[in-house]
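So the structure is just underneath, and the comments pick up after that.
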Amino acid sequence: MRNTEVKLRTVAIVGLAVLASGCASIKDHRGYLIDPALTESVQPGIDNRLSVERALGQPTFKSQFGKQSWYYVSVDTKQAPFTRPRTRDEKIIRIDFDPAGNVASVQRGGMEKVVQIDPNGDKTPTLGRDRGFFEDLFGNIGAVGALPGGANGGGSGPNGSGPNGS
């Protein structure tokens, strides 16, 4: 009897360990892998587009309008089981170029510039009336396709069923 209890406990412990391993958090990295030595080597007035591209590679994205800027974005996320991923760390390197293609400025930022938006969970007021479950379920019974030709039995004349009386 004692031997079966030990086996049962062992199976229960192994089962709980397997279940618990499925509930582990997921860590993920997206975007540019920042190497501090390389990013610190980019200097305004010294580097140009070609030297930046050789040192850091292609940017995550480039500005399309206005001043020419390159952005290198790095995002680390963490996701607990049954939830959406949340940003743990974010780093953005922005390199501005002058019209000649030389580095004008290098700016580094991170989570301090991220704005947390908390949407309001209340309902938006709308015109109309509140309908209950049964009104939604049975509300159109008899309203659609009741009698062909309308209430007077005919399909023509001013009392017909068409949109213009036909």
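No value in this document is a laboratory result; all are computed from the given coordinates. What you see is a predicted model; the values in this text were computed from it and never measured. Using ideal geometry, Cβ is built from the backbone for each residue, glycine included, and neighbour counts are taken over all protein chains shown.
Could you please report the charge total around GLU53, scoring K, R as +1 and D, E as -1 over all other residues with beta-carbon less than 13 angstrom from its beta-carbon?
Numbers: positive: ARG49, ARG54, LYS62; negative: ASP47.
In short, +2.
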Check: Mind checking which lysines have their C-alpha under 25 Å from LYS62, skipping anything on the same chain fewer than 8 residues away?
Finding: LYS91, LYS113
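When the chain is fully extended, how far beyond the present Cα-Cα distance does ASP89 get from LEU127, taking 0.36 nm per residue of separation? Intermediate results must be reported in sequence, preceding the final value.
Numbers: separation 38, 0.36 × 38 = 13.68 nm, distance 4.33 nm.
That pair, ASP89 and LEU127, stretches by 9.3 nm at full extension.
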